[in-house]
Amino acid sequence: MTDEVGANVGPFAASGERQKPEHLSDLLVRLSRRSDDSITIRDVAIALQDRSFGAFLLVFSVPNLVPMPPGATILLGLPLIFVAWQMFASPQGRIYLPRRIGDYGVTTATFQNVVNRILPWLRRAETWVKPRFWFLETRFSERLLGIFALVLAITVFLPIPFGNWLPALALAIIGFAHSECDGIGVLVGSFVGVLSIVVAAFVIYTAGAVLLMVF
C-alpha cells in the first residue's frame with residue numbers, strides 16, 4: 001500500500017512555490033525546528049511537495065558517487081529508478097512512498113544534527129544553483145525530464161565498468177537544480193547525462209568488440 005504524500009498540502013501549494021521557491025537549505029532548517037519528537041521521510045516529502053522528485057534524486061544519487069565494491073550500484077540504483085519512474089508516471093506530480101518507507105524517521109535532534117552538518121555545503125551550492133529560467137512549468141515537460149532521468153537511473157543500475165559514476169553525477173545535478181527550480185542547472189545536468197549515456201554506450205560497444213575478438 002502506498003501513501004500520497006501530497007494529500008496534506010497545507011501552505012506549501014498555496015505559496016506559489018514555482019514563482020518564489022524556498023531554498024532547500026531554508027526548508028530543511030525550518031523542518032528541523034519543528035516541535036515533533038521525530039521527523040519521518042513522509043514529513044520531508046510533504047514539505048517538498050512537487051520539488052520532492054529533485055530532492056530525492058539528489059539524495060539517492062549521492063551514494064553512487066562514493067567508491068563502492070563492484071556490483072553495489074545494482075542495489076543503490078534501485079531507489080533512483082523508483083524516483084525517476086514516479087517523476088514520469090505520477091498522476092499528481094508528487095512522489096508516492098510505500099507506507100513502511102514513509103513511516104521511517106529519526107528523532108528531531110538527530111535530524112537537526114544532520115541538517116547542521118550539510119548546511120554549510122548546501123549554502124555554498126545554492127550560490128551556484130538558484131531559481132532562474134525555469135521551463136518545467138507543466139506536468140508534460142516534467143514527464144519528459146522523468147523519462148530522461150529514468151534512462152540515466154537504469155544506466156546507473158546496470159553493471160557497466162566505469163559507466164555508473166557519470167550518470168549518477170548527472171542525476172545529482174538535475175535533482176538539485178530541480179529542487180531549486182534552476183532551469184540552467186537542469187540543462188547542465190542533462191548535458192552531463194547525454195555525455196554519460198554516450199560513454200556507457202562506448203564502453204558496452206568496446207566490451208562487445210573485445211569479446212567477439214576473443215571468442
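The values are calculated or read from the model by the stated rules, or taken from the named source; none is laboratory data. Here the structure is a predicted model, which is why all the values come from computation and not from measurement. FYI the Cβ positions are ideal-geometry reconstructions off the backbone, even for glycines, and counts take in every protein chain you see. Each accessible area value is taken on the protein alone, full model and side chains, heavy atoms only, with ligands, DNA and RNA left out. Shrake-Rupley method; radii C 1.70, N 1.55, O 1.52, S 1.80 Å.
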- [ ] Measure off, as a whole percent, the carbon and sulfur share of the 1.4 Å-probe accessible area of the chain, all protein chains present.
- [x] 71 percent
TODO: Search the structure for amide H atoms under 5 Å from the amide H of L97, placed 1.01 Å from N in the peptide plane, and list their residues when 5 or more places away or on another chain.
DONE: D3, V5
TODO: Report Rg/Rh for segment 31-88, rounded to two decimals, where Rg is the Cα radius of gyration and Rh the Kirkwood radius.
DONE: 1.06
Task: Centroid-to-centroid separation of segment 19-95 and segment 97-148 [C-alpha atoms, Å] - done: 5 Å
Task: For q = 0.18 Å⁻¹, Debye-computed log10 I/I(0) when each Cα of segment 111-215 counts as one equal scatterer - done: -0.90
TODO: Compute the long axis of helix 108-125 from its Cα atoms, compare it with the longest principal axis of the Cα atoms of the chain, and write down the angle in degrees, 0 to 90, nearest 10.
DONE: 60 degrees
TODO: Report, by chain and number, residues whose modeled amide H sits under 5 Å from the one on W134, excluding near sequence neighbours (fewer than 5 apart, same chain).
DONE: G183
Task: Accessible area of the chain divided out per residue, in Å², using a probe of 1.4 angstrom - done: 54 Å²
Task: 10 Å binning of all Cα-Cα separations within segment 157-215, expressed as whole percents from 0 upward - done: 24, 39, 23, 10, 4, 0
TODO: Which order do the peptides 203-214, 160-171, 122-133, 72-83 take when ranked by the mean count of other beta-carbon atoms within 10 Å per residue, highest first?
DONE: 160-171, 72-83, 122-133, 203-214
TODO: Report, to the nearest 10°, how far helix 139-157 tilts away from the longest principal axis of the Cα atoms in the chain, using its own Cα long axis and a range of 0 to 90°.
DONE: 50 degrees
Open item on the list: How compact is the chain by the rule of thumb for globular proteins, expressed as Cα Rg over 2.2 N^0.38 Å?
Closed with: 1.06
Task: Two-decimal log10 I(q)/I(0) for segment 24-140, as the Debye equation yields it once each C-alpha is a single scatterer, q = 0.16, 0.18, 0.19, 0.21 Å⁻¹ - done: -0.93, -1.16, -1.27, -1.42
Task: Note, ³J(HN,Hα) from phi for segment 194-207, Karplus 6.51, -1.76, 1.60, rounded to Hz, x at Gly and Pro - done: 4, 4, 5, 5, 4, 5, 5, 5, 5, 5, 5, 4, 5, 4
Task: Sequence-distant residues sharing a close amide H with S38 (under 5 Å, placed H) - done: T108
Open item on the list: Can you compute the helix-only [θ] at 222 nm over the chain? Use -39500 (n - 2.57) per DSSP H run of at least 4 residues, normalise by all residues, nearest 500 deg cm²/dmol.
Closed with: -20500 deg cm²/dmol
Task: GNM result for the chain, Cα springs below 10 Å: residue of R34, R42, R139 fluctuating most strongly - done: R34
